[in-house]
2 protein chains.
Amino acid sequence: MAAKRKTAQTIRRQPAADREAEPAGDNLPANGSNGGQAGAIRRRNVEKILKAAESVFAKKGFAGASTAEIARKAGVPKANLHYYFRTKQDLYGSVLDAILEVWLDALDEELVAEADPATALGNYIARKMAASRDAPEPSRLWAIEVIGGARHVQPFLRNRLRRLVKEKSLVIEGWIAAGKMKPVDPAHLLFMLWAATQTYADFAAQIAAVLDRKTLDDGIFAAATQTITDLVINGTGARQTLRPVRARAARKA
Amino acid sequence: MAAKRKTAQTIRRQPAADREAEPAGDNLPANGSNGGQAGAIRRRNVEKILKAAESVFAKKGFAGASTAEIARKAGVPKANLHYYFRTKQDLYGSVLDAILEVWLDALDEELVAEADPATALGNYIARKMAASRDAPEPSRLWAIEVIGGARHVQPFLRNRLRRLVKEKSLVIEGWIAAGKMKPVDPAHLLFMLWAATQTYADFAAQIAAVLDRKTLDDGIFAAATQTITDLVINGTGARQTLRPVRARAARKA
DNA sequence: GATTTTCTTGACCAAATGGTCAAGTCGGGA
DNA sequence: TCCCGACTTGACCATTTGGTCAAGAAAATC
C-alpha cells in the first residue's frame with residue numbers, strides 16, 4: 001500500500017537540521033557522479049535498505065538504531081549499506097524525506113473548500129485510519145522523530161506543514177462562516193484529528209494489549225473509525241449533505 | 001504539578017519484560033542488604049538520577065540513551081549511577097514504574113459513575129491537559145516505550161490498564177444506558193481522549209513549529225483544552241448538569 | 001574514638017558502534 | 001576479447017558503550 005516512494009538516493013547531507021525548507025530536491029548518489037537516473041540494481045538496493053531502515057528507525061529512533069541491524073534486516077553487508085548511504089544521518093534523512101511527502105497528501109486532497117465538511121472530515125479520517133492500519137511504521141518513525149525534538153524535520157514543520165495548516169484553517173473557517181459547522185479552532189481540530197487517527201499506529205501495542213488482541217484487526221479499525229467519525233461530525237455539527245453513514249454498531253468487541 | 005514519586009530504589013531486575021503484572025513492590029538497593037528504609041543520601045541521589053534518566057530516556061528511548069549522559073545530567077560520576085542502579089535496564093524499569101502509577105490516577109478518579117458525563121469528561125480532559133503542560137516528559141517516555149513495542153510495560157498494559165479500561169467502560173455504558181449521553185464505543189472514546197490530550201506533550205515540537213511559537217504557552221493549552229472539551233461534549237451529547245462552561249473564545253491566537 | 005557500613009570515583013575492560021578501505025566481482029559496451 | 005565503471009564485501013579502526021573494580025572518603029553505629 002502506502003504510496004509511490006520517490007527514487008531516493010544519497011546526498012552529502014549536513015546535520016540535516018540546518019537544511020532549509022523544502023525536503024531536498026533529488027539527491028546525489030553516494031559514489032560516482034551519476035547525476036542522472038539510477039541503475040536498476042541501485043534502485044533495488046536503495047529500496048531494500050530504505051525499507052529496513054524505516055522499520056528499525058521506527059522502533060529504536062535515530063540514536064538507538066544501528067547501521068549493522070539495518071543492513072542485516074535489508075540482507076546486505078554493512079559496507080554495502082554505506083556504499084549507498086554515506087552516513088547514518090544520510091540514511092535517516094532519506095527515510096524521513098520519503099515520509100514527509102506522503103504526510104501532506106491526504107490533508108491537502110480531502111479538506112477542500114468545495115466539499116462539505118461532513119464528507120471532507122469523514123473521508124480524511126477514513127484515509128488517515130487506513131494509513132495507520134496499512135503503513136503504521138512511517139507514522140511511528142514520525143512520532144519518534146518529533147518526540148525527540150524534531151531536530152531533523154524542523155524546516156519541514158516550519159515551512160510546508162505550517163503553510164498547509166494555515167491554508168486548511170481558512171477552508172475550515174470558510175465552512176464555519178457559511179454556517180456549515182459550529183465554530184472550532186481549526187488548527188486544534190487538525191491536531192486532534194492527527195492525534196486520534198495516528199494513535200492507532202503509534203500506540204497499537206497499547207491498544208492491542210488493552211483490547212486483549214495480538215494485533216489490531218480490521219474490526220477494531222472499523223469500530224475506531226466509526227467512533228472518531230461520529231464524534232467529530234457530531235462534535236463539529238458538520239451535518240450537511242447526505243453521506244450515507246452506515247450505522248455500524250461499533251461495540252467494544 | 002506532577003505527583004509524589006514513590007521512594008524508588010533499585011532492584012535486581014530481570015529483563016523486565018518477564019516480570020509479571022503489578023509493577024514491582026518496593027525494590028532493593030543495588031548494594032548492601034538495607035531492605036528497610038533508605039538513607040537520606042541514597043534517596044536524594046536516586047531522585048536526581050531518576051529525574052535525569054526520565055528526561056534522557058524520554059528524548060532518546062532506551063536504546064538511544066547512554067548511562068554516561070544520564071550521569072552527566074544528574075551531576076554524578078557514571079560509576080556512582082551504577083552504584084545505585086546496577087544496570088541500564090534497572091534504571092529504565094525504575095523510571096517506568098514511577099510513571100505507571102501516575103498514569104492511572106486521573107482516569108480512575110474522574111470517570112466515576114456518580115458524576116454526570118459532561119463534568120467527568122471535562123474534568124478528565126482538563127487534568128490530562130494540565131499533565132501535558134506541566135509534565136510532558138513522562139508522557140513522551142511512555143510514548144517512546146509503547147512505540148518501540150511496549151516490551152517493558154506489557155504486563156502493566158495487559159493487567160492493570162486493561163482492567164481499568166474495562167471498569168471505566170462500564171461506567172460509560174451506564175451513562176449511555178441512563179440516556180445521559182449518546183452511544184459510543186467506550187474504549188475507543190478513551191483512546192481518543194488519551195491521544196488528543198497527550199499529543200500536546202508528545203508532539204509539542206510539531207505543534208509549536210506549526211503555530212510559530214518557541215514553546216506551547218498557556219494560551220495555546222487553554223484553546224486546545226477548550227476545543228477538545230467542546231468537541232467531546234458535543235460529540236457525545238454529554239450535556240446534563242449545569243457545569244458553567246465559560247464561553248472562552250478559543251481563537252487560534 | 002574505633003569500627004563498620006555506606007557512598008564516591010578514576011581507571012579500566014570487552015563489546016558494539018559508525019565508518020573506511022582496498023581488493024575484488026560483475027555486466028555491458030567497444 | 002578487453003575494458004571500465006558500477007557494485008560487493010571482509011577486514012579493519014577509532015570511539016563510545018554498559019559495566020566492573022578497588023581503593024579511598026564520609027557517615028553511621030557502637
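Quick notes
- Normalised by 2.2 N^0.38 Å, where N is the number of residues, the C-alpha radius of gyration of region A:40-123 stands at 1.45.
- With the label put 7 angstrom out from Cα along the Cα-to-Cβ vector, residue A:105 ends up 4.5 nm from the copy partners, going from closest to farthest.
- Contour excess over end-to-end distance, with Cα ends at residue B:86 and residue B:44 and 0.36 nm allotted per residue: 13.4 nm
- Exercise: per-residue mean of other protein chain Cβ atoms within 10 Å, B:165-171: 1
- Two-site FRET efficiency, residue A:78 against residue B:218, from Cβ-Cβ distance with R₀ of 56 Å, rounded to 0.05: 0.70
- With a threshold of 23 Å on the Cα-Cα distance, the over-threshold entries among A:88/B:214; A:88/A:214; B:128/B:166; B:59/B:168; A:48/A:78; B:59/B:166 are A:88/B:214; A:88/A:214; B:59/B:168; B:59/B:166.
- For region B:79-202, the equivalent ellipsoid built from the Cα gyration tensor has semi-axes of 32, 15, 12 Å, listed from largest to smallest.
- Peptide-level mean, for B:137-149, of C-beta atoms on other protein chains within 10 Å: 5
- Measuring r between the beta carbons of residue A:104 and residue B:113 and using R0 = 41 Å, the FRET efficiency lands at 0.40.
- Among the residues of A:179-188, the average count of other protein chain beta-carbon atoms within 10 Å of the residue beta-carbon is 5.
- Ellipsoid semi-axes in whole angstrom, largest first, where each is sqrt(5λ) of the Cα gyration tensor of region B:145-207: 26, 18, 7
Just so you know, all these numbers are worked out from the coordinates, no wet-lab data involved. Just so it is clear, the model here is predicted, and its values are computed rather than measured. Positions of Cβ are backbone-derived with ideal geometry, glycine not excepted, and every protein chain shown enters the neighbour counts.
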